[in-house]
Amino acid sequence: MLSEAGLKVSALPDGTNLFTVQLAPGIADIKMQSVLSKEHRIAIGRKAKDGLLRIKVNETILFRDNNKLLQSFKDAVKSASA
């Protein structure tokens with residue numbers, strides 16, 4: 001579902017709540033980070049030198065509705081796309 005928005009999310013080996021996120025070309029990571037933080041109260045890091053975002057999922061996010069969580073990322077990607 002997130003792949004439709006231009007995000008490729010991969011679990012880290014042996015990581016229970018750790019993931020990498022690869023952004024499609026044209027998605028501004030800092031803008032996406034800002035939208036997620038300000039509009040949806042979701043904190044993510046910045047892109048590393050290898051071009052991947054690393055995210056740690058706090059279990060409290062599981063209390064949110066899955067569809068609303070997905071829509072939060074879609075909204076952020078839309079705002080951050082060139």
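Every number in this text was worked out from the coordinates using simple rules, so none of it is lab data. As the structure is a computational prediction, the values presented were derived from the model and not from experiment. Heads up, the Cβs are rebuilt from the backbone with ideal geometry, glycines too, and the neighbour counts pull from every protein chain shown.
Peptides 40-50, 69-79, 21-31 ordered by packing proxy, namely the average of other Cβ atoms within 10 Å per residue, highest first: 69-79, 21-31, 40-50.
Pairs of Lys residues in the chain are counted when their Cα atoms are under 14 angstrom apart and they lie 8 or more places apart or on different chains; the count is 6.
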